[in-house]
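Read through the structure below, which is laid out as structure tokens, and then see the notes.
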Amino acid sequence: MFPANFDYYRAGSLAEAVDLLQKNPGAKVLAGGHSLVPAMKLRVAGPSALVDIGRIADLKGISLANGQLTIGALTTHAEVANSPLVKDNCGVLAQAAGQIGDQMIRNRGTIGGSLAHADPAADYPTVIRAVGAMITVFGPNGLRMINADSFFTDLFSTALADGEIITSVTVAAQDASTRGSYYKIPHPASGYAVVGACAIVSQADGVCSSVSVTVGGATANPVRCAGVESALIGKAANEANIAAAAAKTDESVNATMGDQYASSEYRNHLAAVAVKRALMAASA
Amino acid sequence: MSKLVGQSIKRKEDPRFVQGKGSYVANLNIAGMAHLALKRSPHAHAKIVSIDTSKAAALPGVIAVFTGQDLIDGGCGKLPCGWNVPNIKVPTRWAIQPVGDKVRHVGDTIAAVVAESRYIAQDALDLIEVEYEVLPASLGAKATVTSGIVIHDDLPDNTSYPWAIGDLPAAEAGLSAADHVVELKDLINTRLIANAMEPRAAAAQWSEMTEEMTLWTTSQNPHPIRLLLSAFTLGIPEHKLRVISPDVGGGFGSKIFHYPEEIITPWIARKLNRPVKWVATRSEASMTDSQGRDHVSTIKVGVKNDGTITAIHISTHADQGAYLSTFAPLIPTALYLTLMTGLYKVPGVYGEVWGTITNTTPVDAYRGAGRPEACYALERAIDVAARKINMDPIALRRKNFIPANEFPYQTPVALQYDSGDYHKLFDKLEEISDYNGLVAKRDAARAAGKLAGIGVVGAIEASGPAPSKVAGALGGAVGFWESAVMRVHPSGKVSLMTGSHSHGQGHETAFAQVVADELGIGVNDVDIVHGDTAKIPFGMGSYGSRSLNVGGSAIVKAGEKVRNKMLKIAAHQLEASESDLVYDRENGRVYVKGAPSKSKAFGELAFAAYTAHNLPDGLEPGMEEQSFYDPANFTFPNSAHIAYVEVDKDTGEVNLQKYYAVDDVGNVVNPMIVEGQIVGGIVQGIGQALYEHGAYDADGQPQTLTFMDYAMPKAQFFPRFEVARTVTPSPHNPLGVKGAGEMGTIAATPAVANAVMDAIAPLGVEHIELPLTPQRIWKAINKI
């Protein structure tokens, strides 16, 4: 548990952070450090430098404006889990954040860090895709926004360009007709998701007017379950319809992750179970 | 009459532990201290063709790099095995494997780097170039015998020893006489990693002036380590070698043994004439600490239609890993098959075991050590038998109990159980669990379409090993007595030096309660001194739930000697005959029978012993007494546990909803500490049932070197444990106590396994191997 040598810089502003990243090829951004630092201690990661963005005030805080909920990249999992603004406007984010790791991890780990790290077993990516978030990033070419659907590109890989830093995550505030739920089957050792499913259901006139379902943990990045969604849209959110829709999970989820604890075959099975349970909870 | 024994006094050691003020080896910093890191083999089995340390040695901040040959040339010997059963072939190892030899498990040591900082030492490890000739790995407790891969040249079939006990014809006759023979074939008892909270560490300081070596090591037994270092591995004579085990953060058996780092660290400290410290990383601990269990067994139990057990036959292959750790052969022999009859009176009993060698981390004692393996095999088989004859699992067990009036009871497998009342034990269990209500709850859950199950276990332990001559007859190179020195200071305060060692058990409190009651003084008037060979008499340390049975008994014996001497002084000063005096153990004074005002207080007598102004003729001054206590027998704690689970049909996840435990650990000194031991043990046992598995892949690569993969049981996984006790005192030790440290671990694994099997039995599943992970259960219930 002894990392190799690295340089350490504390950035006072976003611009300075981006400048430091450009001047130090091989540098990594340090936010909460709860994924990066253990990897460095195991010498799985060996960045030449860390650019600590932890004190950049612009990256903190949760706000609601014009029907958009914006969460600063440095907001900790605990802050998201306990935020009345998040609970009231996108409850599933708070529910999922409350299930990440343990209390100590939730007190340090950040939403931006989790998304940038793009761990296939992480919880946020699955939820972010389901709620259709926009991820705002800042880099050498200024600000841009990336749709969550195109943000994750592979195992631990994202659409972030060199020198870019996530600044915030924005989701549309949900009204009372919309409910979301995240169902996680955790690994007993790590607490990471073996499989996690997120379902967002809007109901009108007794039927599902829109449905969004994603599954993480089975594949390199979370996948959207279009077959499940379309099977339920226009139907009543009852157990029979949900079960029939969840049975279509395998149209979208073809697990590539698999280990001694949970084979890909088992993860495929769990995906359908988790989708059903997430849909049930989101329809209750 | 006792005023402190039996009370849940809060632990005297806890204020320093909970405030982070413990004194651990890793905290030790001495001016000029250098840092040691060890190059570990990445291969399970390979010949070491060459090592080039030049780049590492050239790194700024590196002080020296050593290889195996350096230590051999410097006089270090091979690590010995301290338990030699008949016909054993002992595969040995060096502290560091030299070029030309082989590495035999991932984590085997190749080279040592000493540097000015731990970080530099770690960088240097990456610069050591090793050329290996990689060999195929031989794996599996049973499969290794026929793998055709030779790990040690003198063990062509990878078998170190055979061992057997019991009466084979009687067992075969019993199986023939049975109405049913239940067989569990190739039953696996999983390999476990102990994972003490504190990883192992060693630090050493050499005094050039006095030619004395001080070694700090995370050991459960510093004196035996000193003896092994002096006699076999390091060569520094015992009177010039001080071994200190300060605060140690858990051991669970893994810190009993003599490890290579205890040789390498002091050898380098002397070579460089600098203090040196080594602290294992968690992953290093996971690949080098001795591990537990890892049996493959076939058990046959004969049972009549009325539930009478007629025979037990066990055949086991016990994986000992790549080398024999210090006491490895003891565990699957005298601590395993001798317990194979459990709580039951069985006429036909036979057990045999082969200790086998594989390309894995060595296996030795781990909490329970042999006894959990015996209990798991037997209690699983009895559970299958109960289902086969459609008998209530408690009723079947009761049918076969050794009756309370037959103690002491000679088993057919060498042991003589000291005391017990197993019906009373199960009466209490049925009472606290509302057993009938629990059965009704299960049946109602089943009727509602759920998978619900109840698991029952009756467990026995042999704790507090053991009469030393018995240990010798069984192959032990050590005795199993314990020592105590009771030093009464002139002011009446007491230092009690014990050869036992506390690495979390709470000796500083429980032992102080015993001392205080022996003398009639306050618990805060006593300090327990342990873990330093320069301060305490030769002692055997702590393992096998022996501290209070054996170490506590030595304290009682030393206390008797102190009281006797105090009586002599009091008789002289009160001008009374000793037989007319009473030692008041509640108030710490000696008085004349019938005239309580004529008395001497404990402190007065202590002071008088040291002034020596007015002592009886011929009585030596001072007040310090010693005892070496050799136990007359093991003690035999026993327990009855019930687990209630529901299994998620869709995911295979186990939801442990209720757990009840009744344990008979004899008399109890500190109920709070005992409850902590029982509950902690239960959690560890459930860990084996549901979560833990030290797994290797087909190449011998360990798969669980971090807590990302090795699933330790966590508090949030569990319901509240309902625990209770019954008491049948041990008749052969002065406190009437039995071991409490391992009972929970022994009983909990089969209790939960039996509950899960009960839950899924309606789906036609008879047995699943440990650990009962959701995937395994899902596969079994879906016949995948």
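The values are calculated or read from the model by the stated rules, or taken from the named source; none is laboratory data. Since we're looking at a predicted model, the values are computed, not measured. Here the Cβ positions follow ideal geometry from the backbone for every residue, glycine too, while neighbour counts run over all protein chains shown. Just the protein is used for accessible areas: all its heavy atoms, side chains included, with ligands, DNA and RNA removed. Shrake-Rupley method; radii C 1.70, N 1.55, O 1.52, S 1.80 Å.
What the Cα atoms of the stretch B:670-725 give is an Rg and a Dmax of 14.8, 48 Å.
The alpha-carbon positions of the stretch B:457-537 define a convex hull whose volume is 149 Å³ per residue.
Note down the relative contact order for chain B as a percent, whole number, built from C-alpha pairs under 8 angstrom at least six residues apart. It rounds to 15 percent for chain B.
Extension gain for the segment residue B:298 to residue B:619, taken as residue separation times 0.36 nm less the Cα-Cα distance, is 109.2 nm to one decimal. From largest to smallest, the equivalent ellipsoid semi-axes obtained for the stretch A:60-172 from the alpha-carbon gyration tensor read 20, 16, 13 Å. Calculated translational diffusion coefficient of the stretch B:705-751 (4 °C, 1.567 mPa s; Stokes-Einstein with Kirkwood radius over alpha-carbon pairs) equals 91 µm²/s.
Percent of Cα-Cα pairs more than 21 Å apart in the stretch A:157-258, please. Each step should come with its number before you reach the end.
Numbers: 2361 of 5151 pairs.
Tail of the P(r) past 21 Å holds 46 percent of the pairs.
To the nearest ten degrees, helix A:14-23 and the longest principal axis of the Cα atoms of chain A are 70 degrees apart.
Return, ordered by residue number, the residues of the stretch B:496-539 whose backbone nitrogen is under 15 Å from a label point located 7 Å along Cα→Cβ of residue B:19. Answer for this model: none. The heavy atoms of residue B:371 offer some 0 square angstrom of accessible surface to a 1.4 angstrom probe. Rolling a 1.4 Å probe over the protein chains gives residue B:706 an accessible area of about 40 Å².
Convex hull of alpha carbon positions in the stretch B:182-247: directionally averaged projected area 7.4 nm².
Of all DSSP beta bridges located in the stretch A:7-52, what percent are antiparallel, nearest 5? Before the final figure, lay out each step's value.
Values: 0 of 8 bridges.
Looking only at bridges with both residues in the stretch A:7-52, the antiparallel portion is about 0 percent.
In this structure the amide hydrogen of residue B:725, modeled in the peptide plane, comes within under 5 Å of the amide hydrogens of B:663, none closer than 5 places in sequence on its chain.
Evaluate E = 1/(1 + (r/R0)^6) for residue A:177 and residue A:55, where r is the Cβ-Cβ distance and R0 equals 41 Å; express this FRET efficiency to the nearest 0.05. Efficiency, from the Cβ-Cβ distance: 0.50.
Full extension of the chain between residue B:50 and residue B:92 yields a length gain of 13.0 nm, computed as 0.36 nm times the residue separation minus the alpha carbon distance.
Across q = 0.19, 0.21 Å⁻¹, the stretch B:146-230 modelled as identical point scatterers on its alpha-carbon atoms has Debye log10 I(q)/I(0) values of -1.07, -1.11, in the order of the q list.
Gain on full extension, evaluated as 0.36 nm per residue between residue B:8 and residue B:720 minus their Cα-Cα distance, stands at 254.3 nm. Annotation for the A:B interface, with buried accessible surface near 2100 Å², both sides summed [1.4 Å probe; non-protein components not counted]. Along the stretch B:156-172 the Karplus relation, 6.51 cos²θ - 1.76 cosθ + 1.60 evaluated at θ = phi - 60°, assigns HN-Hα couplings of x, 9, 6, 10, 8, 6, x, 7, 8, 8, x, 10, 4, x, 5, 5, 5 Hz to successive residues, with x for each Gly and Pro.
Using a 10 Å cut-off around each Cβ of peptide A:183-190, what is the average number of partner chain Cβ atoms that fall inside?
Working: counts 0, 0, 4, 1, 3, 14, 11, 6.
Partner-chain Cβ atoms within 10 Å, mean over residues of A:183-190: 5.
Across all directions, the average projected area of the convex hull around the alpha carbons of the protein assembly as shown is 47.6 nm².
Rounded to whole Å, the principal axis extents of the Cα atoms in the stretch B:187-304 read 73, 28, 22, largest first. Computed from the C-beta positions of residue B:208 and residue A:157, the FRET efficiency with R₀ = 51 Å rounds to 0.35. Could you tell me what percent of the accessible area of the stretch A:178-283 is made up of carbon and sulfur, with a 1.4 Å probe and every protein chain present? Carbon plus sulfur share of accessible area: 51 percent. Comparing the full protein assembly with the isolated chain (1.4 Å probe, heavy atoms, ligands and nucleic acids excluded), the residues of the stretch B:122-150 losing at least 40 square angstrom of accessible area are B:122, B:123. With one equal scatterer per alpha carbon and no solvent term, the Debye-computed log10 I(q)/I(0) for the stretch B:481-629 at 0.14, 0.15, 0.20 1/Å reads -0.64, -0.72, -1.12. Under the simplified labelling scheme, the residue B:469-residue B:672 pair shows an inter-label distance of 4.3 nm, with each label point 7 Å from Cα along Cα→Cβ. Other residues whose C-beta falls under 15 angstrom from the C-beta of residue A:273 contribute a net charge of +1, scoring Lys and Arg +1 and Asp and Glu -1.
Give me the net charge for the shell around residue B:123: Cβ to Cβ below 11 angstrom, other residues only, Lys and Arg +1, Asp and Glu -1.
Within the 11 Å Cβ shell, the charges total +2.
The fraction of Cα-Cα pairs per 10 angstrom bin, counted from 0 for the stretch B:310-397, comes to 17, 44, 26, 12, 2 percent, rounded to whole percents. Centre-to-centre separation between the Cα atoms of the stretch A:143-198 and those of the stretch B:329-384: 49 Å.
Quick check on the stretch B:328-454: what are the equivalent-ellipsoid semi-axes from the Cα gyration tensor, as sqrt(5λ), descending, whole Å?
On the way: eigenvalues 188, 93, 35 Å².
Each semi-axis is √(5λ); the values are 31, 22, 13 Å.
Placing a pseudo-label 7 Å from each Cα along the Cα-to-Cβ vector at residue B:611 and residue A:250 gives an inter-label distance of 9.3 nm.
Relative contact order for the stretch B:481-629: what percent, with Cα pairs under 8 Å and sequence separation of 6 or more? Before the final figure, lay out the partial values.
Working: 300 pairs, mean separation 47.4, N = 149.
Relative CO of the stretch B:481-629 lands at 32 percent.
Annotated for the stretch B:1-142: lysine pairs at least 8 residues apart or interchain, Cα distance under 22 Å, count 15. Please compute the contact order of chain A in relative form: average sequence separation of alpha-carbon pairs under 8 Å and at least six residues apart, divided by the residue count, as a percent. RCO, chain A: 15 percent. Couplings 3J(HN,Hα) of the stretch B:9-16, computed from phi: 6, 4, 5, 5, 7, 5, x, 6 Hz, in residue order, whole Hz [Karplus 6.51 cos²θ - 1.76 cosθ + 1.60, θ = phi - 60°; x for Gly and Pro].
Counting every alpha-carbon pair across chain B, the share separated by more than 40 Å comes to 37%.
With each label modelled as a point 7 angstrom along the Cα→C-beta vector, the residue B:580-residue A:43 pair spans 8.0 nm.
The string of couplings for the stretch B:628-635 from the Karplus curve (6.51, -1.76, 1.60, θ = phi - 60°) is 10, 10, 9, x, 6, 6, 5, 10 Hz, one whole number per residue in order, with x for Gly and Pro.
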